[in-house]
Amino acid sequence: VQLQASGGGLVQAGGSLRLSCAASGSILGFNVMGWYRQAPGGQRELVGSITEGGSTNYADSVKGRFTISANAKNTVYLQMNSLEAEDTGVYYCYYTSSAWRTYWGQGTLVTVSS
């Protein structure tokens, strides 16, 4: 399984970005897909996740601002609105297969200028 993430970039505070992550390879659905992020000098933290059934989960810091979704082609999206400087970091997508094996994307950098 390979994950290809895209959509990162530089944005001003209050702006929006949409990240995408497409999973390809030997895929038969998924259990969970989602996003982690790692701020400079910080630890990797969960941003949000979505199950194949559509249940979502978000970190408290992004609730109401970020929306995670997925399509039938095993692509997960992260719509990020009202971005803050604290959202700056490298965003990593992940895919957990129906056999509960987890794969990671290469990371995409999001920089929010204040």
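The values are calculated or read from the model by the stated rules, or taken from the named source; none is laboratory data. The structure presented is a predicted model; accordingly, all values stated were derived computationally and were not measured. Here Cβ is always computed from backbone atoms with ideal geometry, including for glycine, and neighbour counts include all displayed protein chains. With ligands, DNA and RNA removed, areas are computed over all heavy atoms of the protein, side chains included. Shrake-Rupley method; radii C 1.70, N 1.55, O 1.52, S 1.80 Å.
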Over 5 Å intervals from 0, what percent of Cα-Cα pairs in the chain sits in each interval?
2, 13, 25, 26, 18, 10, 5, 1, 0
Most to least packed among 66-73, 53-60 [average Cβ atoms within 10 Å]
66-73, 53-60
Relative contact order for the chain using alpha-carbon pairs under 8 Å, separation at least 6, rounded to a whole percent?
37
How large is the dipole of the chain about the Cα centre if only Lys and Arg carry +1 and Asp and Glu carry -1, each at its Cβ, rounded to the nearest 20 debye?
240
Report, in whole Å, the centroid distance computed from the Cα atoms of segment 1-17 and segment 63-114.
8
Hey, what's the chain come to in accessible area per residue, 1.4 Å probe, Å²?
52
